[in-house]
Amino acid sequence: MTTAARVDASGVALEPAGAPRRIVSLIPSTTELLCALGLADALVGVTVYCVEPRDVVRGKTRVGGEKDPDLAVIRALEPDLVVANIEENRREDVDALRAAGLRVWVTYPRTVAEGLAMIRDLGEVTGTGDRARALLDTLEPLYARARERAAARAPVRVFYPIWRRPWMTIGADTYVHDLLATCGGANVFADRTRYPTVTLDEMAAKGPEVILLPDEPFRFRRAHLADFDAYPAVPAVRAGRVHLVGGKPFSWHGPRLAEALTKLPDLLAPF
């Protein structure tokens, strides 16, 4: 039985070629996911930002950053699969790798459901369908439960900044926005562009009931809680619901989703 070609997020069909033995990952979260699928030994190259799993990535060739990969190093590794992402990587780099004859699989999940589908697709592309299915058997029930809880109560208004000075946050067309909605949150800047620059005065006018300060991409720390002291009337500030959180469960597609779907609904529980 012949396996049909699969089309990636860039619209390019990837012809079946058996399980890859030499993989370069250009996205930190996908590096972790590939290891969860049992492909740690097949990974030959990762970016300088690929930090997990630590015991795996410390022995891999570094191929530069997500926006500035060293294409010559990647070609020299002779990978039979490169995994990239539309948002994290540059199209010209992906095109150059394809022009060099390399097989590239491009991802772009912007919702939790698409993140789950990405796991399934990556499992198919890498010949690890059984491992992908086992991971989904854990994640999909958590996803269904989170949605059920969210549907049973009024959404809680949430401010989720991703940068400070200037303050930046997330709009509706983002994975984090959908994750918040899945777990019962209403992104207060859902009416803006994907990653808008905002002010704390604008934030205050939106009246968030919960403020989540992640540790990536900006590294929010305890000292930054004081930024909100000037806004005692904001419901989240008044109720002491300004939380420091790890950023990876909010933005890393793969195993980290389990933590988000388990813990986030409680953080977003109504008053």
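The values are calculated or read from the model by the stated rules, or taken from the named source; none is laboratory data. Keep in mind that what you see is a predicted model, and the values were worked out from it rather than measured. For neighbour counting, all protein chains shown are included, and Cβ atoms are generated from backbone atoms with ideal geometry for every residue, glycine included. When the accessible area is computed, the model is the full protein with side chains, heavy atoms only, and any ligands, DNA or RNA have been set aside. Shrake-Rupley method; radii C 1.70, N 1.55, O 1.52, S 1.80 Å.
Being open to solvent by 40 Å² or more (accessible area, probe 1.4 Å), touching a residue at least 24 places away in the same chain (Cβ under 8 Å) and either of a type outside the set (Val, Ile, Thr) or part of a loop (DSSP other than H, G, I, E, B) (or both) holds for only one residue in 173, 191, and it is 173.
Can you go through 160, 175, 143, 108 and tell me which one is aromatic (Phe, Trp, Tyr) and touching an Asp or Glu at 6+ places or on another chain (Cβ under 7 Å)? Result of the check over 160, 175, 143, 108: 108. Residues in the range 41-56 that are more than 25 Å from residue 137 (Cα to Cα) and open to solvent by less than 20 Å² (accessible area, probe 1.4 Å): 45, 46, 47, 50. Just one of the listed residues (127, 115) is over 15 Å from the mean Cα position of the chain (by Cα) and open to solvent by less than 70 Å² (accessible area, probe 1.4 Å), and it is 127. Please work out which residue is farthest from residue 185 (Cα to Cα), limiting yourself to the range 141-170 and to residues that are of a type in the set (Phe, Trp, Tyr) and under 17 Å from the mean Cα position of the chain (by Cα). Looking at residues that are of a type in the set (Phe, Trp, Tyr) and under 17 Å from the mean Cα position of the chain (by Cα), I get 163.
Condition check: open to solvent by 60 Å² or more (accessible area, probe 1.4 Å), assigned to a helix (DSSP H, G or I) and farther than 25 Å from residue 4 by Cβ. Does residue 120 satisfy that? In short, no.
Taking the numbered list (1) under 20 Å from the mean Cα position of the chain (by Cα); (2) aliphatic (A, V, I, L, M); (3) buried (at least 20 other Cβ atoms within 10 Å of the Cβ) in turn, residue 210 passes all entries but (1).
Which one is nearest to residue 108 (Cα to Cα) among residues in the range 67-85 that are assigned to a loop (DSSP other than H, G, I, E, B) and open to solvent by less than 30 Å² (accessible area, probe 1.4 Å)? Applying the filter and picking the extreme gives 79. Figure legend. Inter-residue proximity from the range 239-254: first residues over 15 Å from residue 221 (Cα atoms), second residues loosely packed, with under 14 Cβ neighbours inside 10 Å and hydrophobic (A, V, I, L, M, F, W, C), beta-carbon distance below 7 Å, spacing 6+ or different chains. Indicated pairs: 239/271. How many residues does the range 193-225 hold that are among the small types (Gly, Ala, Ser) and closer than 22 Å to residue 266 by Cα? Count: 1.
When every residue of the range 57-66 is checked against the conditions, at least one turns out to be in contact with a Lys or Arg (Cβ under 9 Å, 6 or more places away or on another chain) and modelled with pLDDT of 95 or more.
Restricting attention to the range 86-101, report how many residues are open to solvent by less than 30 Å² (accessible area, probe 1.4 Å) and in a loop (DSSP other than H, G, I, E, B).
Keep residues of the range 86-101 that are open to solvent by less than 30 Å² (accessible area, probe 1.4 Å), which gives 89, 93-94, 97.
Filter once more, so that each one left must be in a loop (DSSP other than H, G, I, E, B): 89.
Within the range 86-101, residues that are open to solvent by less than 30 Å² (accessible area, probe 1.4 Å) and in a loop (DSSP other than H, G, I, E, B) number 1.
Just the residues that are acidic (Asp, Glu) and either under 19 Å from residue 64 (Cα atoms) or open to solvent by 40 Å² or more (accessible area, probe 1.4 Å) (or both), please, taken from the range 4-35. Answer for the range 4-35, where residues must be acidic (Asp, Glu) and either under 19 Å from residue 64 (Cα atoms) or open to solvent by 40 Å² or more (accessible area, probe 1.4 Å) (or both): 15, 32.
May I ask you to verify whether residue 39 is more than 20 Å from the chain's Cα centre (by Cα), at negative phi, hydrophobic (A, V, I, L, M, F, W, C) and at pLDDT 95 or above? Write out each step before concluding.
Working: more than 20 Å from the chain's Cα centre (by Cα): no; at negative phi: yes; hydrophobic (A, V, I, L, M, F, W, C): yes; at pLDDT 95 or above: yes.
So residue 39 does not fit the description; no.
The single residue among 38, 59 that is in contact with a helix residue (DSSP H, G or I) (Cβ under 6 Å, 6 or more places away or on another chain) and either in a loop (DSSP other than H, G, I, E, B) or open to solvent by 10 Å² or more (accessible area, probe 1.4 Å) (or both) turns out to be 38. Cβ-Cβ distances below 7 Å connect the following pairs, each with a first residue in the range 130-155 that is within 13 Å of residue 268 (Cα to Cα) and aliphatic (A, V, I, L, M), a second residue that is open to solvent by less than 90 Å² (accessible area, probe 1.4 Å) and modelled with pLDDT under 95, and a separation of six or more residues or different chains: 154/270.
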